[in-house]
Amino acid sequence: MGQHSTSDQPRDSAGTNSTPPWRATVITLLPDCLPGPLGVSLAGQALKDGIWALEAVALRDFGIGKHANVDDTPAGGGAGMVLRADVVGPAIEAARLQNPNTPVLYMSPRGTPLTQTMVEAWSKGPGLTILAGRFEGVDQRVLDAHDIEEVSIGDYVLSGGEVAAMAVLDACVRLLPGVMGQPQSLAEESFSNGLLEYPHYTRPRSWQGRDIPDVLLSGDHQKIADWRRAEALAITEARRPDLLKGVK
Ligand code: ADE
């Protein structure tokens, strides 16, 4: 995938463009990673429908010299390679021209841990520009020079930022109007009310000696809602007590 959109613009009955898509730009050494899993299922259909658009800015296009070098050894010595400021800087500027007025994220294990609250805020904006690093990281000066938010998807180290960028985009895109079939399921899912989600069951009624809890078959909507709330509280208390601060 090059620096071109993978989606057509949505068209109204007059054949003209309607609302502009939520726009994502990923700055990467590996543009072929995109759209990856975002090209199928709900996100993929929404991409085809023009609800969102995805563009890659290839870092290699900004490489230096005959070999289009993008990295060099760390100042002060040490293992690995660092992405050069004079490569990443111009790539960020190009991405900003392509996708103006969007927050610029840098995916990194030392960033702010990603939360559903951050995702909700970004999905309400015009889109995102995401820098996906490789090697040991990016020259610090380029992060300092641009208004960049460092974001982590968890306390572990990936081999590059692309998978992390796709996680952020997947989480944002599914919240865009028209992407999910049933908006009600968004309201009930984990984190949306500060709790982990209650357990789900479906047919068969009895499976390998395990039955669906009776209350779910009672038809009493209030009792079912109360049971689900109690289960959500219990599972949150057991697995993520930190989330319960501030939940009424
Ligand atoms: N790049 C490498 N590891 C990462 C992580 N845990 N989160 C975000 N970006 C990363």
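The values are calculated or read from the model by the stated rules, or taken from the named source; none is laboratory data. This one's a predicted model, so the numbers in the text were calculated from it and none came from an experiment. Counting neighbours? That spans all protein chains shown, and the Cβs are built from the backbone with ideal geometry, glycine included. SASA here: full protein model, heavy atoms, side chains in, ligands and nucleic acids out. Shrake-Rupley method; radii C 1.70, N 1.55, O 1.52, S 1.80 Å.
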Next item on the list: Just name the residue that is farthest from the ligand (Cβ to nearest atom) out of those in region 158-188 that are among the acidic types (Asp, Glu) and out of contact with any strand residue (DSSP E or B) (no Cβ under 9 Å at 6 or more places or on another chain).
Entry: Glu188
Notebook entry, point to check: Just wondering, is there one or more residues in region 213-227 that are closer than 29 Å to Leu42 by Cα, out of contact with any strand residue (DSSP E or B) (no Cβ under 9 Å at 6 or more places or on another chain) and among the charged types (D, E, K, R)?
Noted result: no
Note to self: I'm trying to understand the selection: among the residues of region 109-157, which are within 12 Å of the ligand (Cβ to nearest atom), of a type in the set (Asp, Glu) and assigned to a loop (DSSP other than H, G, I, E, B)?
What the structure shows: Glu136, Asp155
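Okay, residues lined up against (1) hydrophobic (A, V, I, L, M, F, W, C); (2) crowded, with 16+ Cβ neighbours inside 10 Å; (3) touching a helix residue (DSSP H, G or I) at 6+ places or on another chain (Cβ under 9 Å):
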residue: Pro126; (1), (2), (3): no, no, no
residue: Ala132; (1), (2), (3): yes, yes, yes
residue: His146; (1), (2), (3): no, yes, yes
residue: Tyr156; (1), (2), (3): no, no, no
residue: Gly160; (1), (2), (3): no, yes, yes
Notebook entry, point to check: Regarding Asp147, is this residue among the acidic types (Asp, Glu), within 14 Å of the chain's Cα centre (by Cα) and over 23 Å from Ala234 (Cβ atoms)?
Noted result: no
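Test of understanding: among Ala165, Ala94, which residue is open to solvent by 20 Å² or more (accessible area, probe 1.4 Å) and assigned to a helix (DSSP H, G or I)? Before the answer, list the steps.
Numbers: Ala165 fails: open to solvent by 20 Å² or more (accessible area, probe 1.4 Å).
The conditions single out Ala94.
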